[in-house]
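Let me begin by presenting the structure, written as structure tokens, before commenting on it.
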Amino acid sequence: QVQLVESGGGLVQAGGSLRLSCAASGRMFNTYTKGWFRQAPGKEREFVAVISGSGSTKYSTTSVKVRFTISTDNAKNTVYLEMNSLKPEDTAVYYCAASNGYLPTRDYEYEYWGQGTKVTVSS
């Protein structure tokens, strides 16, 4: 069992930066693939980024690839999402998730979810 708690969301102006954190409790956190998803108002939840358990392999969706960076610190049981050059269209609730699969990009492939942290980007 893994419990995930996100933090770091907030209100930021366009062009600004935020770093989201996702702290995990539970055993063997480093064996899970970790992912970030987001859900904008009135839209479906969408994949943002994923990182392997060891942190050696990562992948981001095209719309954020050069602006967002996913990383993990297994010693701290924490996964991060560094977000730069934020745009109003990045406004959403951001969720971290953990999976037993290898680099999944679909939300149904994740077994554990945090409660989400809200990011609002003003223009």
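A single entry from Gly116, Gly101 fulfils the requirement of being in contact (Cβ under 8 Å) with a residue 60 or more places away in the chain, surrounded by fewer than 22 Cβ atoms within 10 Å (Cβ to Cβ) and over 19 Å from Gly55 (Cα atoms): Gly116. Please go through segment 33-71 and give me each residue that is closer than 27 Å to Ser123 by Cα, of a type in the set (D, E, K, R), in a strand (DSSP E or B) and open to solvent by less than 40 Å² (accessible area, probe 1.4 Å), ordered by number. Of everything in segment 33-71, just one residue is closer than 27 Å to Ser123 by Cα, of a type in the set (D, E, K, R), in a strand (DSSP E or B) and open to solvent by less than 40 Å² (accessible area, probe 1.4 Å), namely Arg38.
Taking segment 78-98 as the region of interest, how many residues are over 13 Å from the mean Cα position of the chain (by Cα) and open to solvent by less than 40 Å² (accessible area, probe 1.4 Å)?
Here is the first cut: in segment 78-98, the ones over 13 Å from the mean Cα position of the chain (by Cα) are 84-89, 91.
Restricting the remaining residues to those that are open to solvent by less than 40 Å² (accessible area, probe 1.4 Å) gives 86, 91.
Qualifying residue count, segment 78-98: 2.
Taken residue by residue, segment 63-84 has no member that is in contact (Cβ under 8 Å) with a residue 60 or more places away in the chain and of a type in the set (Lys, Arg). Close contacts from segment 27-52, counting a first residue that is farther than 14 Å from Ile70 by Cβ and a second that is modelled with pLDDT of 95 or more and of a type in the set (A, V, I, L, M, F, W, C), with Cβ to Cβ under 7 Å and a gap of 6+ residues or different chains, come to Gln39/Ala92; Gln39/Val93; Ala40/Ala92; Arg45/Phe37; Glu46/Phe37. Considering only residues that are crowded, with 22+ Cβ neighbours inside 10 Å and modelled with pLDDT of 95 or more, look in segment 20-32 and name the one that is nearest to Lys87 (Cα to Cα). Of everything passing the filter in segment 20-32, Leu20 is nearest to Lys87 (Cα to Cα). Restricting Leu81, Leu86, Leu103 to residues that are of a type in the set (A, V, I, L, M), outside any strand (DSSP E or B) and closer than 16 Å to Thr57 by Cα narrows the list to Leu103.
The values are calculated or read from the model by the stated rules, or taken from the named source; none is laboratory data. Keep in mind that this is a model prediction, so the values were computed, not measured. Using ideal geometry, Cβ is built from the backbone for each residue, glycine included, and neighbour counts are taken over all protein chains shown. Calculation scope for accessible area: heavy atoms of the full protein, side chains included, ligands and nucleic acids excluded. Shrake-Rupley method; radii C 1.70, N 1.55, O 1.52, S 1.80 Å.
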